[in-house]
Amino acid sequence: MRFPFFFEFFNRFVRNHGMGRHFRRLMMFEHLSREGVSRDIPPLVADSLKKAAHATADELIVKLGSHEHGLTNAQADELRVQFGLNEIHEEKPITWWQHLWNCYKTPFDILLTVLAVISYVTEDVKATIVIGSMVFLSVFIRFWQESKSNKAADALKAMVSNTATVLRRELAESILQETRQHFGIQLHVKGANKVELPIKLLVPGDIIFLSAGDMIPADCRILSEKDLFVSQAAMTGESLPIEKFSNPKQGAIRNPLDCENLAFMGTNVVSGTATAIIINTGDNTYFGALAKGLTTISHEQTQFQKGVNKVTWLLIRFMMFMTPTVFLINGVTKGDWSEAFLFAMSIAVGLTPEMLPMIVTSTLAKGAVALSKKKVIVKRLDAIQNFGAMDVLCTDKTGTLTQDKIFLANHTDAWGQDSEEVLEYAYLNSFYQTGLKNLLDVAVLEHTELQTELNPIENFHKVDEIPFDFQRRRMSVIVSEHGKENILICKGAVEEILSICTSVRRGSEQIHLTPEILAQVQSVTAGLNANGLRVVAVAVKEFDRNRTSYGVADESELTLIGYVAFLDPPKESTEPALKALLDHGVTVKVLTGDNELVTAKICKEVGLNVDEILLGGDIELMSDERLAVVVEDHHIFAKLTPAQKDRIVRTLKLNGHVVGFMGDGINDAPALRSADVGISVDSAVDIAKEAADIILLEKSLMVLEEGVIEGRKTFANMLKYIKMTASSNFGNVLSVLVASAFIPFLPMLPMQLLVQNLLYDISQIAIPFDNVDPELVRLPQKWDPADIGRFMVFFGPVSSIFDITTYCVMWFVFSANTVEHQTLFQSGWFIEGLMTQTLVVHMIRTKKIPFIESRPGLALFIMTIIIMALGIFLPMGPLASYFKMGALPMSYFLALFAILFGYVVLTQGMKYFYTKRYGWQ
């Protein structure tokens, strides 16, 4: 069988950790379908699903050893021993030795290994030891840093877990304590027999409850449902949600995915509610069977990764060209081809940026840990760079600009008069709905006095429910007061409720909803909206008490009762946070499904320009070309559908922006996946958390601003190493070419060049811990490979000028101009070369005057002092003869000071010129 998978739905979602790490495998399925590769599902898995689909609910419960009230905890423990945790085992962390191999198999370390082998074969033991030490240093530090990063990431991910609502029998406090003790997890009890369990603890036979926003945690059979729609795009490629039924009319089924009463791990509930029984978990699921055997996952590279790779291969090509050139020049001019070969190999080692993978990993890992201390959890390390590069942040209104604490401010009839009847109907609607309760429902249910007055459990019983969805923007419950008619109570957005009403209640009479009266009631809601209140309309309709089943079609010819109005005031920190983001070059755009009047009121209070608000209906009529222009000029968008939010984010990306999106609802998931940086919160629905790259433990724009700064610090430190390596290597090659052409001996022996490079590498270890100038984090930083090349050409020759000056000083002043005196010459250039290479970090790390206007991090400063001291000690100490170096006269150090001072002054001048002409990143 073949699967034409459509994977735009999961283009960002599949790269995350937690439950989402299982879905990274899905990216490969798209490639397999394009290549025409068949994926066969094991017959046992397919058969078990088909049998479950055709069995009755009672038969299946018996077969799985379950019960209509769920499993006992003892049964669940036994089944967990039998079937294991609900995890895809192929996605277990790699072993330490696999991790070590991954750290080693970079082009740089493999190249150095080849050079070490060649040195060993040519009996150059010293060179072999030094090159081997460089490989060990690069691999070990990267392995150590990534291991620390992974442990930190695991600890952070444990703070963001997905759970499922499970029906269990005999749930007691002792059981909760036992589970907490064995699994280290705090469980949350929901009602007498419902418990919130981590997804990995689910077992076959568990009965679970599903509602909008939930991830399907395992392969399930639907037992009961109400308007249940599930997105199976990740499994089948169908872009539209599929309606599921507990008792579908279906004939012979060849593919389990066609079964209308089955739901599969990896899919999610779009709308509606359901009760389901788990059939298979972990590797035995349909998804687990597909995932088996897939070992290659193709990840889309970020702009930064592509840029790093370009610089990497630029340096490698540079090395591949210069190494034979140096070899030929030295062989021809010196006549010693063996020595020329060893020297050329040393040049190859010096031009290899073997510390680059370690520096990138260390910097990202440090950034992730630093962000975690600011209550920002990074699920994907590479997202840190995009976080820093972000120049547009799209955010919803509720909970970000506002307090995310809804207060019920008014409950009025359709004419604006206070009405207890409206509040009672709204309370019954919120009390009996089983879907995803939002903050408005919570605010209504906080009126606990109605629990006593209405006594809904004793006086009413629920007949049916029509769940909420984002097309209708309303939901209904049908209740019956004992012995009376059934009442459909509908609550939702004002426009949608009015569109299905034909009458309005005024006191005890019912009035036909004429255009004139409609205008009057709309003026009431407009007045409430103008005061910053969010208005929800309430309408009712009576039905025969013998009727038991209802659908969307029954939401017609309703009677408008009135409104409940809610206040969600802006946070005190919102206005300064928005100003801080703007000061750091991040434009905030508000994307909300709320109406324009409430949105305008809140946005005005927090200092945003509300002159022009673009509505979802207007966007729907715009061409892509027109929208590309409009999104740049507008900052507030209201009454948006999920698809329109997604379209705005995509358009901003096409316009060249790095876009972040912050959301926590089901309607935010498409935009979260499309954004360069998807940002959600720990309290978000499952699908939003899985789609996000970054999770905030505190839903605050202030936290975001701190995260942006930390992301930019991380990027700045990585860029320091890349710029320093590129310019330093370019300068060294120019110096070597000059020396090879005009000096009758090698300017530095191969062993000396290797030791110099080893010391230089060690000095770079502290770069991830360096300080960053405030101006470098003030504006978004984007990767610009062209700037790297320009920077290399500008600053590389500066060091060459002073290398050549050193040649002249050693040649003319200290008479180191013969083969007999080459030791003195080589020692002099060894010290000067190491000093300038070490100083270049401090010169390039800032556009200011180093050490005076901009101080380095303590670790980097200490490492610099140690390496410079070692560089002087080797020629001057007892190890000098071992490295074929000799002591230098004290007058040399006076000349060295002058050379280094000149180097610092000229580099600072070049920085001033470069910054004025091209800017400084």
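The values are calculated or read from the model by the stated rules, or taken from the named source; none is laboratory data. Since the model is a prediction, treat every value here as computed from it, not as a measurement. Cβ atoms come from the backbone with ideal geometry, glycine included; neighbour counts cover every protein chain shown. Surface areas here come from the heavy atoms of the whole protein model, side chains and all, with no ligands, DNA or RNA. Shrake-Rupley method; radii C 1.70, N 1.55, O 1.52, S 1.80 Å.
The table below lists the values:
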{"quantity": "Exposure of Met863 as accessible area (Å², to 10), given a probe of 1.4 Å and all protein chains", "calculated": "50"}
{"quantity": "Solvent-accessible surface ranking, highest first, for Phe913, Phe264, Phe812 at 1.4 angstrom", "calculated": "Phe812, Phe913, Phe264"}
{"quantity": "Per-residue SASA entry for His461, accessible area with 1.4 Å probe, Å² rounded to 10", "calculated": "80"}
{"quantity": "Among Gly507, Ala519, Gly532 the positive-end extreme of the charge dipole of the stretch 479-549 (Cβ point charges)", "calculated": "Gly532"}
{"quantity": "Cα-based shape type of the stretch 516-626, given that a ≥ b ≥ c are square roots of the gyration tensor eigenvalues and the cut on a/c is 1.5", "calculated": "prolate"}
{"quantity": "Radius 14 Å from Cβ of Glu612, net charge of other residues (Lys, Arg +1; Asp, Glu -1)", "calculated": "-3"}
{"quantity": "Cα gyration tensor shape of the stretch 640-721, rounded if a/c is under 1.5, else prolate or oblate by comparing a/b with b/c", "calculated": "oblate"}
{"quantity": "Built amide H within the under 5 Å cut-off of Asp206, gap 5+", "calculated": "Ile278"}
{"quantity": "Relative packing of peptides 273-282, 574-583 - highest average C-beta neighbours within 10 Å first", "calculated": "273-282, 574-583"}
{"quantity": "Rounded Å value of the spacing that divides the Cα centres of the stretch 478-551 and the stretch 41-62", "calculated": "44"}
{"quantity": "Under 11 Å, Cβ to Cβ, from Ala263 - net charge with Lys/Arg +1 and Asp/Glu -1", "calculated": "-2"}
{"quantity": "Protection proxy ranking of 819-825, 667-673, 853-859 - average other beta-carbon atoms within 10 Å, highest first", "calculated": "667-673, 819-825, 853-859"}
{"quantity": "Residue order for Glu68, Glu465 - accessible surface, 1.4 angstrom probe, largest first", "calculated": "Glu68, Glu465"}
{"quantity": "Summed residue charge, Cβ within 14 Å of Leu582's Cβ, Lys/Arg positive, Asp/Glu negative", "calculated": "-1"}
{"quantity": "Heavy-atom SASA rank of Asp336, Asp58 (probe 1.4 Å, accessible area, largest first)", "calculated": "Asp58, Asp336"}
{"quantity": "Heavy atoms of Lys782 accessible to a 1.4 Å probe, total area in Å² rounded to 10", "calculated": "70"}
{"quantity": "Segment Ala74-Glu820, length gained on full extension (0.36 nm per residue, minus Cα span)", "calculated": "259.9 nm"}
{"quantity": "Cβ crowding within 10 Å averaged over residues, with 764-770, 567-573, 831-837 ranked highest first", "calculated": "831-837, 764-770, 567-573"}
